[in-house]
Amino acid sequence: MDNGKVSVTAQGGIATISFFHPQSNSLPGALLRELGDTITQVSSNPETIVIVLRSEGEKAFCAGASFDELIAIEDLEGGTRFFSGFAHVINAMRKSNKLIIGRIHNKAVGGGVGLASSVDYCFATAQASVKLSELAVGIGPFVVGPAVQRKMGLSAMSQLAINATEWQSAQWAKEKGLYNEVFDTVEAMDQAIDALAQRLVSSNPEAMFELKKIFWQGTENWDMLLVERAGISGRLVLSDFTRNAISKFKGK
């Protein structure tokens, strides 16, 4: 549990993938790899019709990259490998032949915004504020940026990326296209998720897959693009500026 976990439950054609990490659902490299692999494996199961992606606990949906792991990166290869974990998860969702519903129950930071941007339909609560904090620690949302821009547009993505210390509300995220529906309570959100998932289970899987291919047109180069972006973050994370900034954040 100290290193986090990924779990899957399946019933009636609906597969729910959950991730958890005790540090506000942050994502170390091993958890990223497991999450990406799990999405791919669940997608290949013919009994799965629709996927729900969620995290556990009542606090943050996802705090983004693990600061403990970031500060331990020693070379460009290690940095690129770590940030490629986010590319692995995003590409797994992109290439899944199933529609993926996102459940964002609370705040999403950095890579968490990238996850929310990579699902096909996203539910959130009013507490699910968003922030791309990478620039504040000397990096930048290079890997998740294409996913965020695809969903919200360049203007909204650049606002989040530049104003890196400020939270934007769930309502703002809905207006910009990140969230499809926002609810006052987790209970109301979960009821809506279940209702949509049940409707999709009764839909034509082939038709949903054809729709998904249309939704993701123009992203065919992401296998290479996101790894190239991981290299940028992997280089920047080695700088004294970034190391000092991360240490300050960890000390708060």
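Give the percent of DSSP beta bridges with both residues in the chain that are antiparallel, rounded to the nearest 5.
Values: 8 of 29 bridges.
So the antiparallel bridges in the chain amount to around 30 percent.
Starting from segment 144-182, pick out the trypsin sites (Lys or Arg not before Pro) whose DSSP state is loop and whose Cβ has at most 14 other Cβ atoms within 10 Å. Present the calculation step by step, with values, prior to reporting the outcome.
Values: sites: R150, K151, K174, K176; in loops: K176.
Those that pass, being in a loop and sparsely packed, number zero.
Which shape class applies to segment 4-130: rounded if a/c is under 1.5, otherwise prolate when a/b exceeds b/c and oblate if not, where a ≥ b ≥ c are the square roots of the Cα gyration tensor eigenvalues?
oblate
Got the relative contact order for segment 5-187 handy, in percent, Cα pairs under 8 Å and 6 or more residues apart?
For segment 5-187, the relative contact order is 19 percent.
For the chain, what does -39500 (n - 2.57) per DSSP helix run (n ≥ 4), summed and divided by total residues, give at 222 nm, in deg cm²/dmol to the nearest 500?
Value at 222 nm, helices only: -15500 deg cm²/dmol.
Can you list residues whose amide H is under 5 Å from C122's amide H, if they're 5+ apart or on another chain and H is modeled 1.01 Å from N?
Here the answer is G102, N180, E181, since their amide H atoms fall under 5 Å of that of C122.
Quick one: 3J(HN,Hα) in Hz for segment 47-60, Karplus 6.51/-1.76/1.60 with θ = phi - 60°, rounded, Gly and Pro as x.
Along segment 47-60, the couplings run 7, 7, 9, 9, 10, 10, 10, 8, 10, 9, x, 10, 8, 5 Hz.
For segment 141-252, what class follows from the C-alpha gyration tensor (a ≥ b ≥ c being the square roots of its eigenvalues): rounded when a/c is under 1.5, otherwise prolate if a/b is larger than b/c, else oblate?
On the way: a/c = 2.45, a/b = 1.49, b/c = 1.64.
In terms of gyration-tensor shape, oblate.
How big is the Cα convex hull of the chain in projection, averaged over all directions, in nm²?
Mean projected area of the Cα convex hull: 12.3 nm².
Taking other Cβ within 10 Å of each residue's Cβ, how do S43, S247 sort, fewest first?
Lowest to highest Cβ neighbour count: S247, S43.
How many percent of the alpha carbon pairs in segment 177-223 exceed a separation of 16 Å?
60 percent
Only the coordinates and a few stated rules stand behind these numbers; no lab work does. Here the structure is a predicted model, which means the values were calculated and not measured. Every residue, glycine as well, gets a Cβ built from its backbone with ideal geometry; the counts of neighbours run over all protein chains shown.
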